[in-house]
Every structure is written in C-alpha cells, then in structure tokens.
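Below is one structure, written out as structure tokens, with a few remarks after it.
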Amino acid sequence: MIGDQWRRRAAWWIAPPAIFALNFAMAARLFRVEYLANMAFIDGQFAAMARHVAAYPGDLLWWPQWSCGLPWPNIYMPLLYMTMGFASLVTGHSPALLYHQITAAAFCLGPVFVYLMALVMSRKPVQSFLAAAAYSVFSPCASIPVIRADLHSLWNLRRMQVLAFYGEGPHTAALALVPLAILFLYLALTRRKFAWRLLAGTLMAATVTTNSYGAVILAAGVTALAVTQAAGSFRRSLAAILGISALAYGWISPLLPPSVLAAIRMNSPTIEGDYHFTGRSLAGVLILAAGFALLWLASRRASPFLRFLLLFAWLLTGVVALGWLARAYVVPQPQRYQIAMDMSLCLLAVFGGAAMLRRVSPRALPWAAAVLSLALAAQSIHSVRYSRSQIRELNITNTTVYRLARWMDSNMHGARVMVGGAYSLYFNGFTDTPQVHGGNDPTLPNFTLRDATFAIYSGMNAGTHDGENAVLWLKALGAHAVSVPGPGSQEFYKPFVNPRKFDGLLPVLWREGDDTVYGVPARSDSLAHVMQPDDLVGHIPISGLDLAEVRRFVAALDSPSFPAAPWRWTSQHSAEIRAELSPGQVVSTQVTWRPGWNATVGGVSQPVSKDGLGFLVVRPECQGPCTIEVSFDGGAEWRITCLLSLAVMLLALGLAVREVRRPR
C-alpha cells in the first residue's frame, strides 16, 4: 500500500517537475533575453504586433503597418502575440522579452505535457517519464542527412535550434499545446463528461490560433486517436470529435475566419519553395493512407495507446520523410514538422520497445530502462551545453535596423516605406512608420503584392529596365523610400539581386555601411489620389513584368493636373480624405481593399470597389470640395463569425449549467 502511494506521488508530483527542470536547464537564459543574436527570423514581427496590441488595445480591426494594410486576422495566428500584447500592457515589460519568456516556458512545458498525456492514456509512469525525457534531449529527425548537416551533429537538439536560432516560437508554443489537447480529447471520449469536452475544445482552439503548423500536427493526432479509440463505437467517437472540433472552430472563427483560411490555402504552396500538389504529392498521400491502414490492421492486438502512437508517428514521419527524401509534398513546407516527428518517435520508441521486450524477455525491461536512463543522463549534459551555446543575446540599439527605424521615424513623418529583407521583420518594433511589405506571407490576402515584391527584389527578366520597373512598383504601392541592404550589410537575406539598381535613379537619403535608403519622389505623400476611372489598374497584373496599366496608373499619381487628396488617419481603422472633385473623378487609395471598407460623404454612403492592384477605390457622388470618411468594420464575415462565436459560448454556458444541475 505504501509502495503504491509512493509511486502515485512520484508519477504526479516528482516526475513532472523533474522533466520541467531538465528543460529549464536548457532554456533558462532565454527567460532573460530581449533580442537574440540571430535576427533573420520572426522574433521581431511578434514584438511589433504585441507592441501595437499594447498601444491600441481597443482598436484591433485594421493593421496599417504591413502589406499596405491588413485586417487583424490576416496578420498571424493571434493567440501568442495577443497574449504578449496584453501582458505588456499590464506589466509594462518589453514585448520582445515577453516573447522569449512565453516561448521558453512553452519549450519547458511541452515535454511535461507529453509526459502527462502518456501517463493518463497508458497508465505507465516509468515509460511515460523516459519517453518525455527522450523527447527533451534527443532529435530523431537528425537521422535525415540534410537536417543532420544543418544541426552539425546527430546529437544536437533540433528543438532548441528551431526555437533559439530559427525563431520558431509560435511553432514551439503550438507543439506544447498539442499533447494537452489530445489528452483532453481522449478524456472527453472515454469519460464523456461535459467538462472534459469543454477543455478539449478550448485546447484545440488554442493550438490552432497559435500556429497553423500546430493545427496540422493536431489533425494528425486527432485522426490517430479517432481510429484507435476503444471506448464506445467508432461512429460515436467520430461524432464527438467532429462536434467538439466544429464548436471549437465556431468559437475562434472571428480570429480565424474563412477568408484567412482561403489566403493560407492560396499562399502556402509558394512559401519558401514550390509545394504545389502534384502527382508526387498524390503518390505520397496514397503511401501514407495505405501504410496507415496496414499498420492499423497489423496492430490490432496492441494496446490502444501504442496503436495511437504508431499511427501518429507514421503520419508525421511520413510527411517529413516524403518531403525531404522524395520531394512528395503531402502538405506545404513538410520540413516544419520535424520536431513533431521527434515527439512522436520518442514516444513510440520507448513504448514500442518496451512492448517488444515484454514479449521477448520481460526480465530485460529493468536493464533496458537503466541503460536508457544512463544514455539520457549523458545526452542531457550535451543538450544543456548545446542549448546554452545557441542562446546569444544582442544589444538591439547597436544594430543597423534599430538606427534605420529611428531615422525613418524622425524623417519620413509617417509616409510608407519599403524595408528590404529581414530588417522588415524588426522594423515596426521601434516605429509606426508603415511598410509596403513586412508581414506574414501565408495569410496575405493580396497576391499581387507578393508578385510586386518579388519583381522589386529580383528584377527577373527585366534586363536593363530592372531599376525603372522597380521604381514604378514602388510608386504604385505608395512607397516614399526604399531601404536596400548591400552585400556587406548586417541584414541576413540580401534580397536585392542587384542592390545598386537605384544608383542614379533615386536620391540617397541615408547610408550606413552597406545599407542605403533611397527616396522615391512623389507628388504627394498621401495614400489617396484623385484620377479618372480610366487611370486605374483595371486587371490584375499577371506578373511583376505586366506593367502597362501600372505605368498609366503611376503617371496619374504624378500628374499635377489632378488635385491633391490628403489622407489623415482618424483611428487605426478609419481615415478622412479631403479633395476637390470634378464630375466623373474617383479617389484611388493605396490601401488594401477588403470587404468591410465603407465610405461616406456627409453621412451618405458612397460606392467603393477594388482595382487591379487590390486597392480600395472610392467613387464619390459629390463635386467640388468633398470630405470623404472611410472606415473598416470587418464586413459581413466579421459580424457573422462574431455571432457564431457568441452562440457557441452561450451554448457552452447552457450545457455547463445543465451539467451542474444534473442529479449525481
């Protein structure tokens, strides 16, 4: 009896803190770091978003800083940066510091949640502990040559490299939530109490709103759980999973509306490579499906948890291996699922190895556990040393991007600029100066902006017209300056194939080392311009070289024959335009059109539309001096999703009240 009590206490009160302590030893420095030395990735983006949340907590409909303006749901999955922003507002701490503290906490808690999931679902505390410890310090994905080459060793920890070097904080946070979401979904299916279903839906929603890759990993886990769930019929379990998932999505739909899902579907196949669904992709899907079915049939005598692990690991490992080794892209960017593969393989190795040893020689189990424990101890020492070597702090005020942002803040007076490469990721952490680009490409609703940015950077097939074409695009997109990092710049990516293309074409406004800011001359720094309807870009350019209508549009922007139309922001989602209009003229803006933009003159609604560049156009029905008020209210989609979310919350409240009142 005393032995059973001690084992229970050890399982619940000793093992979780021990796993946390191991991971804290690796990530401790990250809790004190504001900016990491490697500035090529998205840490700065999250600091910028959180800074804006803290500054405008009640005005989160429109984001004017990136990509010629975006609805808030199109910036990024919102949970992480919203948490950072409101935490910064309450505590006064730097958003950049909070980013690393929150993601470091997720790094430490992820293996703890893996342990809890395995413990509850398997009821095997020793194996659960060893599996979580193995996930903490080993990287099975390093067995793939290209990953091992990037890690420089089979023994270095990919999970830490992904967080501290590549800046994948959102991915780390989402992956920490996945085992917890699976655990509560398992409890919802096996115990069928409302509280477990509510927690399962909440954690599934939290995972999805943290990172889109986390949503795919969760989907793989839910699929494996659905087909291996032994309690009750398959149909009943499937109905419960679908119901919980649908209600969870309904709850978060204002933050992740269908339009954002459509943007992700449009952009993801061309982010960081060509991941379009091809014949190879179809073959990969068939291989995954066939292997999944065969493993499900072959493992029928195994425990439900072991079957779950086998199928979960098959899906994640298959996605990564097919992508890396066969270029069969079942999902876009399959390399992003490496550390999820590590989690599944560490669990499968420990539980699967124990099951095989139990059949062959049960007496060997303690010896195998002892050998694995010694290996874990040795690897833990190496992983702590490696992790500490990866966490290197940077004084941001000594960087060019910080001085560039401060110069822009003082000299551009709020006019839009284009900031080249990785500098754009950090830029709005220090200034409200808006950028042409700078955001998260997968959720970008206007693909023309991606074409234009590519044309400006690459000059592909432009020949001697490279600089001239780039200037046309900069003018069309409302940029009044462009920051160009040269070959000797601190900037990581060096995106301009020909960084000297603007020499002699544009005036130099600022230069530091091999970083140059060129001015883009314009008749007005306003985002609104009066012109004739025929001057608008009528068709979506088929590429960055399709410039006939763009050239005509830019000529209208520069023409002194049209009156000025000053644009003044009255909030983050509304503005005032003043113009002297003649009959038939329109007001073209260089602000992204989305459903939800409205225009009024004297309180009377005015027609709005979008042009071929994806910009908002107002067709005011007034002449002479006109004051046009434009505002973004989110449109019908925002209102419908808010009502849906409210309905889900009211339903959950009603079910909770019924559960409390139900006789025991």
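Decide, for segment 321-469, between rounded, prolate and oblate: order the square roots of the alpha carbon gyration tensor eigenvalues as a ≥ b ≥ c, take rounded if a/c falls under 1.5, and otherwise choose prolate if a/b is larger than b/c, else oblate. Prolate, since a/c reaches 1.5 and a/b exceeds b/c. Given a Förster distance of 35 angstrom, what is the FRET efficiency for Ser609 paired with Ala195, based on the Cβ-Cβ distance and rounded to 0.05? It comes to 0.10.
With all projection directions averaged, the alpha carbon convex hull of segment 447-549 covers 7.3 nm².
Here segment 284-393 is treated as an ellipsoid with the same Cα gyration tensor; its semi-axes, largest first and in whole Å, are 27, 26, 8.
Taking the fewest neighbouring Cβ atoms within 10 Å as the starting point, the ordered list for Leu376, Leu294, Leu527 is Leu294, Leu376, Leu527. Once you divide the Cα radius of gyration of segment 127-173 by 2.2 N^0.38 Å, the number left is 1.19.
What the pair-distance distribution of segment 258-322 shows, using all Cα-Cα distances binned every 10 Å from zero, is 18, 36, 28, 16, 2 percent.
Geometric descriptor of segment 579-643, per residue, is 83 Å³ (volume of the convex hull of the Cα atoms).
Modelled label positions at Arg500 and Asp59, each set 7 Å beyond Cα in the direction of Cβ, lie 4.5 nm from each other. Scaling against 2.2 N^0.38 Å puts the C-alpha radius of gyration of segment 396-519 at 0.98. At q = 0.14, 0.16, 0.21, 0.25 Å⁻¹, what base-10 log of I(q)/I(0) does the Debye formula yield for segment 499-581 when every alpha carbon is treated as an equal point scatterer in vacuo? Log-scaled intensity ratios, in q order: -0.72, -0.88, -1.08, -1.13.
Computed extension gain for Ile381 through Asn395, at 0.36 nm per residue and net of the alpha carbon distance, reaches 2.2 nm. Note on the chain: Kirkwood radius taken over Cα pairs, Stokes-Einstein applied at 25 °C and 0.890 mPa s, translational D equal to 91 µm² s⁻¹. Relative protection proxy for 82-88, 341-347, from highest mean packing down: 341-347, 82-88 (other beta-carbon atoms within 10 angstrom). Other residues whose C-beta falls under 9 angstrom from the C-beta of Ile577 contribute a net charge of 0, scoring Lys and Arg +1 and Asp and Glu -1. Computed over the chain, the per-residue total of -39500 (n - 2.57) for DSSP H runs of n ≥ 4 gives a 222 nm mean residue ellipticity of -17500 deg cm²/dmol, rounded to 500. Using a Förster distance of 30 angstrom, determine the FRET efficiency expected from the C-beta separation of Thr600 and Leu643, and round it to 0.05. My answer for the efficiency is 0.75.
Here segment 190-333 is treated as an ellipsoid with the same Cα gyration tensor; its semi-axes, largest first and in whole Å, are 26, 24, 11. Legend: calculated FRET efficiency, Gln623 to Ser571, from the Cβ-Cβ distance at R0 = 25 Å, rounded to 0.05, equals 0.35.
With the cut-off at under 19 Å, measuring from each backbone N in segment 313-335 to a point 7 Å along the Cα-to-Cβ line of Ala290 picks out 314-331. Going by the alpha-carbon gyration tensor, a ≥ b ≥ c the square roots of its eigenvalues, is segment 91-229 rounded (a/c under 1.5) or, if a/c is not under 1.5, prolate (a/b greater than b/c) versus oblate? Since a/c reaches 1.5 but b/c is at least a/b, the shape of segment 91-229 is classed as oblate.
All C-alpha pair distances within segment 528-633, sorted into 10 Å bins from zero, spread as 15, 50, 29, 5, 0 percent across the bins. Take the Cα of Thr270, step 7 Å toward its Cβ, do the same at Asp4, and the gap between the two points is 6.4 nm.
Every number in this text was worked out from the coordinates using simple rules, so none of it is lab data. As the structure is a computational prediction, the values presented were derived from the model and not from experiment. Backbone-built Cβ (ideal geometry, glycine too); neighbour counts: all protein chains shown.
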